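Visitor: Please see the structure below; I have some questions.
The values are calculated or read from the model by the stated rules, or taken from the named source; none is laboratory data. Since the structure is predicted, the reported quantities are computational estimates derived from the model, not experimental observations. Here the Cβ positions follow ideal geometry from the backbone for every residue, glycine too, while neighbour counts run over all protein chains shown. For the accessible areas, the whole protein counts, side chains as well, though only heavy atoms, and no ligand, DNA or RNA atoms are used. Shrake-Rupley method; radii C 1.70, N 1.55, O 1.52, S 1.80 Å.
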Amino acid sequence: MIARFDEQMVLRRAANSDESEFVAVYGRRRVGKTFLIRETFDYRFTFQHSGVKLGGATVQLARFRKSLQTQGYAECPELKDWFAAFDALRIVVERSGEGKKVVFLDEMPWLGRKNPDFVTAVEDFWNGWASARKDVLLIVCGSATSWMINKVIKDKGGLHNRVTCNVFLRPFALAEC
């Protein structure tokens, strides 16, 4: 890992917190957001999922279900909406024997872009369940910076002031290259 020590420290601090944490990582495409998160956690997550760039609600939900099935909930039923998807995610987290349960949602703007209930379901998952625990680290990541800022970091609705820390990942400086 080159020149991302401060960002790794933020992620590790969140992982070692005595409380549940909600972390947003954002920045331009191809600056290494996903690589940073995967390397920091040694590619070990309770649950990891990445949105599909051009997928509508049906495709996104089907892919989310597939991720749930391969990561601890083999008998996951078909998901009718995002609320059912996050209810199923709760089952995966509850079944985990890990100390801090790390949930990584990559390319969150792709998940929520054509799915109006997605952000509301994230709100419900975080506000109604995960934040009441002490063992969940929810990391959301995305390249659509304005979407991440408006819908997550500076949200005026149910996610208002819920992000406990955020990381804006800048491109490498010339000296770092």
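Visitor: Just wondering, is there one or more residues in segment 132-143 that are open to solvent by 40 Å² or more (accessible area, probe 1.4 Å) and touching a helix residue (DSSP H, G or I) at 6+ places or on another chain (Cβ under 8 Å)?
Guide: no
Visitor: Select from segment 5-29 the residues that are touching a helix residue (DSSP H, G or I) at 6+ places or on another chain (Cβ under 9 Å) and free of Cβ contacts under 8 Å to residues at least 40 places away in the same chain and write down the one among them that is most open to solvent (accessible area, probe 1.4 Å).
Guide: For segment 5-29, the residue satisfying everything is ARG12.
Visitor: With segment 75-177 as the region, which helices (runs of 4 or more DSSP H) entirely inside it contain at least 1 residues that are more than 15 Å from the chain's Cα centre (by Cα)?
Guide: 82-95, 117-128, 145-148
Visitor: Check THR40 against each of (1) of a type in the set (Ser, Thr, Tyr); (2) in contact with a strand residue (DSSP E or B) (Cβ under 7 Å, 6 or more places away or on another chain); (3) more than 21 Å from ASP124 (Cβ to Cβ) and name the one condition it does not meet.
Guide: (2)
So that you can scan it fast, the table gives a plain yes or no per residue for (1) open to solvent by less than 30 Å² (accessible area, probe 1.4 Å); (2) assigned to a loop (DSSP other than H, G, I, E, B); (3) among the small types (Gly, Ala, Ser); (4) more than 25 Å from LYS154 (Cα to Cα):
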site	(1), (2), (3), (4)
THR34	no, no, no, no
LYS53	no, yes, no, no
THR58	no, no, no, yes
ALA62	no, no, yes, yes
LYS66	no, no, no, yes
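Visitor: Please go through (1) at pLDDT 95 or above; (2) open to solvent by less than 40 Å² (accessible area, probe 1.4 Å); (3) among the acidic types (Asp, Glu) for ASP124 and return the number of the only condition it doesn't satisfy.
Guide: If we test ASP124 against (1) at pLDDT 95 or above; (2) open to solvent by less than 40 Å² (accessible area, probe 1.4 Å); (3) among the acidic types (Asp, Glu), just (2) comes out false.
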